[in-house]
1. Given Cα positions, please report Rg to Rh for segment A:1-60, the hydrodynamic radius being the Kirkwood one.
2. Averaging over every viewing direction, what projected area does the convex hull of the Cα atoms of segment A:42-95 cover, in nm²?
3. Residue by residue through B:133-144, how many Cβ atoms from other chains fall within 10 Å of the Cβ on average?
4. Compute and list, largest first, the equivalent-ellipsoid semi-axes of segment A:133-184 from the alpha carbon gyration tensor, each √(5λ) rounded to a whole angstrom.
5. Calculated FRET efficiency, residue A:114 and residue A:79, Cβ-Cβ r, R0 45 Å, to nearest 0.05?
6. By counting other Cβ atoms within 10 Å of each Cβ, how are B:23, B:81 ranked from fewest to most?
7. Mark the label point 7 Å from the Cα of residue B:11 along Cα→Cβ and return the residues of segment A:1-32 whose backbone N is within less than 18 Å of it.
8. Starting from the Cα of residue A:27, move 7 Å in the Cα-to-Cβ direction to define the label point; list residues of segment B:1-30 whose amide nitrogen is under 16 Å from there.
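We did not get these values from a lab; they are worked out from the coordinates using the rules stated. Everything numeric here is computed off the predicted structure, so don't read it as measured data. No Cβ is skipped: glycine too gets one built from the backbone with ideal geometry, and neighbour counts run over all protein chains shown.
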């Protein structure tokens with residue numbers, strides 16, 4: 001190779017090096033932004049999933065607690081439809097007692113007050129009495145849990161809370177492990 | 001000769017910089033992945049622990065509720081209660097307070113029920129005192145209103161269970 005060709009090579013190298021350095025700095029900023037937003041977005045999404053699972057459990061525990069209170073009141077009190085309806089209303093509307101009961105359960109499970117407060121921010125369960133048709137009443141006793149009470153001519157004919165007795169908490173409340181990170 | 005060396009050095013530098021550019025993304029991906037993993041793993045483990053603790057604790061709560069409901073329908077005496085306790089909690093026994101005519105069953109320190117009876121029966125042969133005529137069951141602890149522990153004066157406490 002003669003000197004002229006080396007000269008051209010050196011110039012081309014020089015130009016390419018400058019171009020690559022410029023590219024490198026441009027990409028640096030881009031990758032940095034991309035990494036930060038990807039992490040923020042995916043960590044945020046995962047934390048929201050975990051939070052949703054915890055809040056789901058909190059609300060279910062509220063329904064669970066209400067269901068037991070109602071069953072207990074039904075077993076120990078008058079077995080009439082009117083008394084049942086009154087109990088459903090009383091239990092559901094007493095939000096202080098509901099909160100106290102769920103919070104007691106969480107404290108018994110050694111969940112610190114601060115953590116409880118974060119979860120409890122979601123509020124209590126919106127639903128308790130699910131169905132009320134022709135003497136057949138269904139109440140929510142937790143996630144995927146329904147207890148059924150049948151009244152005939154205003155008198156309790158049948159209480160079915162097998163679903164609550166056999167309720168498997170571990171099967172209903174779990175969190176999936178985080179997915180692989182995607183650099184997007 | 002000089003320009004030849006310069007061009008060789010520049011070519012090597014070019015290859016080096018090109019390699020840096022190519023590897024640059026990988027570094028960011030690694031860093032981001034590491035941060036993501038650390039944060040989400042902490043969230044996963046923390047969340048899982050809360051779910052598990054609550055699930056396990058409420059499993060006990062459920063049994064105590066079921067027992068209290070059944071007791072209200074079937075139990076008449078402290079012996080009946082002892083049998084029911086053994087059915088739900090084979091390893092835990094309740095205790096009678098003859099002075100207060102109560103029987104306290106504690107599944108855990110948080111979950112307990114106190115049954116109040118009307119009468120004290122005494123077996124003349126062995127002086128065994130038992131309670132009968134179940135009046136009510138205090139499920140305050142299950143409702144989150146744990147009442148103050150029942151006072152049991154010394155010497156009055158009586159363990160039941162041997163007769164079963």
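1. Radius of gyration relative to Kirkwood radius: 1.59.
2. 4.2
3. 3
4. Listed largest to smallest, the semi-axes of segment A:133-184 are 40, 12, 4 Å.
5. Plugging the Cβ-Cβ distance into 1/(1 + (r/R0)^6) gives 0.55.
6. B:23, B:81
7. Residues A:1-18 fall inside that zone.
8. B:13-30
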